[in-house]
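Heads up, the thing below is written out as structure tokens.
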Amino acid sequence: MLKHKKTNKQHSKTLGDVTINDFANADVVKTRQKKSTSNVTNVIKQNESDKAWDEIDDFENCDFVREVNEDGTYVVVLRKQSHTDRKSKENCSSDSVHAGNSYPLDIWFLISEYIRPQDVGKFAGICKASYAVVCSAKFWFSLYKRYYKYAPSLPHHLAPEHIVRFYGLRTSVIRALHFMYPPFCNKYKTISSSERHPVTLINKQCMTAFHKQGFESIYCFKFKDYIPSALKRTNKSDNQRKPNVIEMLEDVTANPDENCCVLLVNCKQFIPIPCVEGFILKSALLTLSQGFRHHRLQLGFSSGVHNYSYNAVDGSDSITIILDPVLGVKVLDWWDPQYPYNHNMKYSLADKDESDEDELGNHDSLFSII
């Protein structure tokens with residue numbers, strides 16, 4: 001009986017066609033892979049293993065490790081890297097390759113010549129170099145000169161002959177642009193954009209408050225962001241170095257009214273109010289008064305910390321101010337053209353003569369803006 005010899009038939013492995021659907025809309029693999037896709041993996045592994053001896057790097061996928069012997073001596077051993085270590089090393093190398101380009105500071109100064117006032121914040125957030133340009137005095141001097149034009153309402157202290165010193169230069173230029181730059185000036189012409197509800201001042205601390213009695217009484221409350229005393233102590237401990245006088249005078253970003261708002265209330269009759277300086281605003285309610293012709297403003301101040309139910313903690317004092325009837329209410333930021341400046345507040349409580357009005361540079365009075 002003839003014995004049939006077994007012949008080893010070697011079938012040629014073909015890669016086959018790999019469609020996009022195999023990758024894009026593929027289901028979760030629960031069984032073995034398709035023959036077409038598995039052949040691709042096998043061929044790649046075969047190509048890696050078929051490398052000649054002179055093509056393989058001696059230190060491929062290896063790293064030098066420092067080990068300690070029993071006698072206390074150190075030995076450097078070549079050890080093969082794990083998959084996770086190799087992958088992390090590749091990621092670090094790829095990050096270093098795509099780290100980005102660093103351009104000289106002069107280029108950023110040239111680019112800043114074409115930045116609009118409303119885009120200064122975006123330009124400063126590009127990188128550290130652009131932020132350094134925005135913090136320089138040259139940038140704000142150039143911005144003021146490019147957009148300066150005569151405006152009758154421009155205060156005297158914001159005129160070109162007074163924009164010469166470094167201290168508070170950024171603040172002065174921003175305030176001047178709200179008098180001269182048309183996109184900034186036009187937003188105050190619409191009533192909706194300039195009106196803010198007093199409720200936006202909740203949890204702010206009242207820095208000063210005063211009033212003027214007349215045919216229509218005017219009340220002014222200046223608020224600032226409240227900083228707890230514990231946080232103030234930590235900030236003082238961090239900044240132990242004494243400030244240099246020259247550095248303070250050259251501070252371009254200095255602004256005493258930073259994060260400050262002013263609440264102006266025009267009341268039909270005079271109502272005496274208690275002293276609320278240093279108190280924190282905890283409630284602001286603006287409703288209609290009797291007769292539905294005017295408004296009624298109720299402000300609640302507290303000297304201590306409140307919990308979530310708005311109950312006073314540690315027996316803190318609370319003061320409630322009710323102004324009724326109210327003809328107008330305005331909340332002004334420090335860059336607003338109608339914001340009362342520090343030099344303008346001292347004139348608001350006294351009777352001004354013609355010479356005082358000239359010193360104010362034809363600026364609108366504090367009590368004529370409502």
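The values are calculated or read from the model by the stated rules, or taken from the named source; none is laboratory data. Here the structure is a predicted model, which means the values were calculated and not measured. Glycine gets a Cβ as well: all are built from the backbone with ideal geometry, and neighbour counts include every protein chain shown.
Details
- Residue match in the stretch 306-323 (condition: modelled with pLDDT of 80 or more and among the aromatic types (Phe, Trp, Tyr)): no
- Residues of the stretch 134-153 that are among the hydrophobic types (A, V, I, L, M, F, W, C) and over 15 Å from THR171 (Cβ atoms): ALA151 alone.
- ILE227 in a loop (DSSP other than H, G, I, E, B), among the aliphatic types (A, V, I, L, M) and modelled with pLDDT of 80 or more: no
- Among residues of the stretch 256-269, those that are surrounded by 15 or more Cβ atoms within 10 Å (Cβ to Cβ) and in contact with a Ser or Thr (Cβ under 9 Å, 6 or more places away or on another chain), counted: 6
- Every test in (1) part of a helix (DSSP H, G or I); (2) basic (Lys, Arg); (3) at pLDDT 50 or above is passed by ARG293 save one, and that test is (1).
- Selection status of PRO182, touching a residue at least 12 places away in the same chain (Cβ under 8 Å), under 20 Å from GLN338 (Cβ atoms) and not assigned by TED's automatic domain parsing to the domain that holds TYR341: no
So that you can scan it fast, the table gives a plain yes or no per residue for (1) closer than 28 Å to TRP140 by Cα; (2) at pLDDT below 90; (3) touching a Cys at 6+ places or on another chain (Cβ under 9 Å):
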position	(1), (2), (3)
LYS236	no, yes, no
ASN239	yes, yes, no
LYS242	yes, yes, no
ILE246	yes, yes, no
GLU250	yes, yes, no
ASN255	yes, no, no
LEU263	no, no, yes
ASN266	no, no, no
VAL276	no, no, yes
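- The residue pairs whose first member lies in the stretch 196-212 and is in the same structural domain as VAL276 (by TED's automatic domain parsing) and without any contact (Cβ under 8 Å) to a residue 60 or more places away in the chain, whose second member is acidic (Asp, Glu) and surrounded by fewer than 15 Cβ atoms within 10 Å (Cβ to Cβ), and whose beta carbons are closer than 8 Å, counting only pairs six or more residues apart or on different chains, do not exist in this structure.
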